[in-house]
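A short write-up of the structure that comes next.
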Amino acid sequence: MSAPGFWDDPQRAQEHIAQLKYLQSVVKPMEELSTGLSGLEELAQLAQEDPSVESELQAELEKLQQRLEELETQALLSGPHDANNAILTIHARDGGTDANDWAEMLLRMYTQWAKQRGYQVELLDRQDNEEAGINNATIAVRGPNAYGYLKGETGIHRLVRISPFNAEGKRQTSFAAVDVSPEVADSKEIQINENDLKIETYCASGPGGQHVNKTASAVRITHLPTGIVVQCQNERSQHKNRAIAMKMLQARLARLEEEKREAEQAAKYQQQAKVGFGSQIRSYFLHPDQRVKDARTGFTHYSFHDVMDGQIQGFLDAYLRWRVQQEKDRQRHSASKRS
């Protein structure tokens, strides 16, 4: 990074910086843990002479134990794209206006989680609903292992609550779909044939001023071989919207390749992984009681509002451990069949 001309290619420079941040996210915690262990030994020696130090020793031990568990969870991020940034899209599904409001609540939840981890969040696309909430939105979450942590969020998220949009105060069930893909370097990992693309332009909707609403700046791209559709209308420039849409398409195609590899591996053991865009993965209850439960791992958090404020790391860690257990089960199944 200190070499002359490092910033001559800004995109390449950013890739190096992202790699540095990832390596620091691995090395720095290990150094802190090593230093903490040395301090723990000194405290243990002091505690033998002064019993009043035992409480401080116990507190430091618990702190290091928690840090070690975090490192062990981080070690589970070994997928081909786990270290990458993430592109996360939220779509309102069944539930009318409540679903649109729910989709916006999820958007805020993921944004809060990312900011708490020191990640950068960029809004790539957003389509507001006329009454409340959003129809859909796409954000880029940039930071070490962002995709690795968020990839398990792909699927249907269900909300049960007393509807604020129902004058009779009835309970309403709403659904929103979350899709997470890895952000990949342009034209390096995923090659896209221009002949496979159907590119449409249209006038952007929603807030943004006269220029946005009257100019055909919004871009929609359809990848004909796969049927994947991406769109972007967030920028005033059609050129910028097209570039962002292409990045979104590359991310979707990268995830599609990853899913194919996982499906092939699971098929060998006749255990198709129960994850995907159409699966219901988590239920959020605000009525009759407050709790959030993951349907795959069974992990439950009993404060709905804490989860909405971005405290979802427990769900993400539980999913990573669940995936490892799924893989162990497949290997045992394969070994028993061979024997």
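Read-outs: derived from the displayed coordinates by stated rules, not from any lab. The structure displayed is predicted, hence computed values, not measured ones. All Cβ positions, glycine included, derive from the backbone under ideal geometry; neighbour counts span all protein chains shown.
General remarks:
- Counted over the chain, the DSSP beta bridges are approximately 90% antiparallel.
- Long pairs among Lys21/Lys63; Lys151/Lys260; Lys151/Lys293; Lys151/Lys247; Lys151/Lys337; Lys198/Lys240, criterion Cα-Cα beyond 20 Å: Lys21/Lys63; Lys151/Lys337
- Stretch gain in nm, segment Leu123-His239, where the contour uses 0.36 nm per residue and the Cα spacing is subtracted: 40.1 nm
- The charge dipole of the range 1-148, taken about its Cα centre with unit charges on the Cβ atoms of Lys, Arg (+1), Asp and Glu (-1) only, comes to about 620 debye.
- Exposed trypsin sites (Lys or Arg not before Pro) absent - longest run of the chain, DSSP non-H/G/I/E/B, at most 10 other C-beta within 10 Å: 1-169
- Dipole-positive endmost among Gln58, Val26, Gln14 within the range 6-74 (Cβ charges, Cα centre): Gln14
- The modelled label-to-label distance between Leu23 and Gln325, using points 7 Å beyond Cα along the C-beta direction, is 3.6 nm.
- Three-way shape label, the range 1-71, alpha-carbon gyration tensor, a/c 1.5: prolate
- Qualifying chymotrypsin sites (Phe, Trp or Tyr not before Pro) in the range 120-195, where qualification requires a DSSP coil assignment and no more than 15 other C-beta atoms within 10 Å, comprise Phe165.
- Shape call, the range 1-130: gyration tensor on alpha carbons, a/c limit 1.5: oblate
- Relative contact order of the chain: 16 percent, from C-alpha pairs under 8 Å at least 6 residues apart in sequence.
- The slack between Glu72 and His333, meaning 0.36 nm per residue of separation minus the straight C-alpha distance, is 91.4 nm.
- At R0 = 56 Å, FRET efficiency that the Cβ-Cβ distance of Ala295 and Tyr202 yields, to 0.05: 0.90
- Stokes-Einstein D in µm²/s, Kirkwood radius over Cα pairs - the chain at 25 °C with 0.890 mPa s viscosity: 109 µm²/s
- Approximating the spin labels as points 7 Å out from Cα along Cα→Cβ, the Ile228-to-Gln191 distance works out to 1.6 nm.
- Straightening the chain between Ala44 and Asp8 buys 7.7 nm, computed as 0.36 nm per residue apart minus the Cα-Cα spacing.
- In this Cβ point-charge picture (+1 for Lys and Arg, -1 for Asp and Glu), the chain has a dipole of about 1540 debye about its Cα centre.
- For the range 92-168, the equivalent ellipsoid derived from the alpha-carbon gyration tensor has semi-axes of 26, 13, 11 Å in decreasing order.
- Nearest-20 debye value, the range 6-74 charge dipole, Cβ charges on Lys, Arg, Asp, Glu: 420 debye
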